[in-house]
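Reading through the structure tokens given below for one structure.
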Amino acid sequence: MKLLCDRIRKDGKALNESVLKVDSFINHQVDPQLMEALGEDFARHFQDRGITKVFTIESSGIAPAYVTARFMGLPLVILKKQTSRILNGNVYQTKVTSFTKGTTYQLTLDRKYIDPEDKILLIDDFLANGEAATGAATVIRESGAELTAIGILIEKSFQRGRRRLEDAGYEVYSQARISRLDQGLIEFLED
Ligand code: G4P
């Protein structure tokens, strides 16, 4: 998506060969007009898939997922990152490890916010190794619902996330696909 790629070229900062900072418009300061456009694009892209709910993972996915849900006229569900397991049986949980941040959490979904008939669209800001999305797929599968498609703002195509999700049978649409990063250098797949 040209709008997002242009914005990354203008305001993104590649720190090294693996990390892109987008703090000034996506995940620290947020540009609401950009989020509106990204959410509208996702809504248009996924409009004919029979989606019943939009899911995201806290926290940086919330802004674009909210706009997507609003354009689609659907509820938004935010998967929580808990520090420990909840043992009361009211939740679906799975352990996720972030390689980028070196953290581990229990991805958590209250059972009352998903039905076996649901067709879920997952929206997230970054796709790197696919750990978070794979965790989301696990809790959705456990509920009996379907993860119908995955929408990503920024895919780091040189990492294994997309391959992993596609191999597992999921459709992935990324608005910006980055083929290479290095200090001060950002290359896109379509360049
Ligand atoms: P994965 O889910 O695709 O495997 O990604 P990974 O574990 O490697 O990274 C997880 C966290 O790191 C995510 O944030 C993701 O947004 C963030 N991340 C990954 N690559 C980059 C990058 O190049 N730049 C930036 N700025 N962030 C990156 P999170 O832990 O879910 O936190 P939150 O920001 O959503 O709260």
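The values are calculated or read from the model by the stated rules, or taken from the named source; none is laboratory data. Just so it is clear, the structure is predicted and the values come from calculations on it, not from any experiment. A quick note on method: Cβ atoms are made from the backbone with ideal geometry, for glycine too, and the neighbour counts reach across all protein chains shown. Only protein heavy atoms, including side chains, enter the accessible area calculation; ligands, DNA and RNA are left aside. Shrake-Rupley method; radii C 1.70, N 1.55, O 1.52, S 1.80 Å.
For the range 1-142, what is the number of Lys pairs with C-alpha distance below 21 angstrom, counting only pairs 8 or more positions apart or on separate chains?
For the range 1-142, qualifying lysine pairs total 19.
Would you work out if the range 91-163 is rounded, prolate or oblate? Take a ≥ b ≥ c from the square roots of the eigenvalues of the alpha-carbon gyration tensor; rounded if a/c is under 1.5, else prolate when a/b is larger than b/c, oblate otherwise. Mind showing how you got there, number by number?
Values: a/c = 2.60, a/b = 1.46, b/c = 1.78.
Cα axes put the range 91-163 in the oblate bin.
Full extension from VAL19 to ARG160: what is 0.36 nm times the residue separation minus their Cα-Cα distance, to one decimal in nm? Numbers along the way, then the final one.
Values: separation 141, 0.36 × 141 = 50.76 nm, distance 1.46 nm.
The span from VAL19 to ARG160 would gain 49.3 nm if fully extended.
Run the 1.4 Å probe and let me know the accessible area of GLU36, rounded to the nearest 10 Å².
70
Where does each of 8-21, 109-122 land if you order them by average Cβ count within 10 Å, highest first?
109-122, 8-21
Could you report the chain's accessible area per residue, 1.4 Å probe, as an integer in Å²?
Values: 9510 Å² over 191 residues.
So the chain comes to 50 Å² accessible per residue, rounded to a whole number.
With r as the distance between the Cβ atoms of GLU142 and ASP6 and R0 = 35 Å, compute the FRET efficiency 1/(1 + (r/R0)^6) and round to 0.05.
Details: r = 39 Å, r/R0 = 1.13.
Efficiency computed from Cβ-Cβ geometry: 0.35.
Evaluate the distance, in nm, between pseudo-label points positioned 7 Å from the Cα of GLN47 and of GLN82 along their respective Cα→Cβ axes.
For GLN47 paired with GLN82, the spin-label model returns 3.9 nm.
What share of the DSSP beta bridges in the chain is antiparallel, in percent to the nearest 5? If you can, show how the numbers build up before the last one.
On the way: 17 of 39 bridges.
Just about 45 percent of them are antiparallel.
Ordering GLU190, GLU166 by accessible area with a probe of 1.4 Å, largest first, what comes out?
Details: GLU190 115, GLU166 85 Å².
Accessible-area ranking of GLU190, GLU166, largest first: GLU190, GLU166.
Post the alpha-carbon centroid distance, the range 68-96 to the range 144-162, in whole angstrom.
One Cα centre to the other: 17 Å.
With springs only between Cα atoms under 10 Å apart, run a GNM on the chain and tell me which of PHE99, PHE158, PHE42 wobbles the most.
PHE99
Got a number for carbon plus sulfur as a percent of the range 120-182's accessible area, 1.4 Å probe? Before the final figure, lay out each step's value.
Working: 860 of 2140 Å².
Whole-percent figure for carbon plus sulfur exposure: 40.
Measure off, as a whole percent, the carbon and sulfur share of the 1.4 Å-probe accessible area of the range 8-99, all protein chains present. Don't jump to the answer; show the numbers that get you there.
Numbers: 2420 of 4960 Å².
Carbon and sulfur together cover 49 percent of it.
Taking 0.36 nm per intervening residue step and subtracting the Cα-Cα distance, what contour gain separates LYS112 from LEU74 on full extension? Spell out each step's value before the answer.
Working: separation 38, 0.36 × 38 = 13.68 nm, distance 1.60 nm.
Difference between extended and current length: 12.1 nm.
Tell me whether the range 56-126 comes out rounded, prolate or oblate; compute the Cα gyration tensor, take square roots of the eigenvalues as a ≥ b ≥ c, and use a/c under 1.5 as the rounded threshold.
Numbers: a/c = 2.58, a/b = 1.22, b/c = 2.12.
Since a/c reaches 1.5 but b/c is at least a/b, the shape of the range 56-126 is classed as oblate.
Give the angle, between 0 and 90 degrees and rounded to the nearest 10, that separates the Cα long axis of helix 2-11 from the longest principal axis of the Cα atoms of the chain.
That helix lies at roughly 60 degrees to the long axis.
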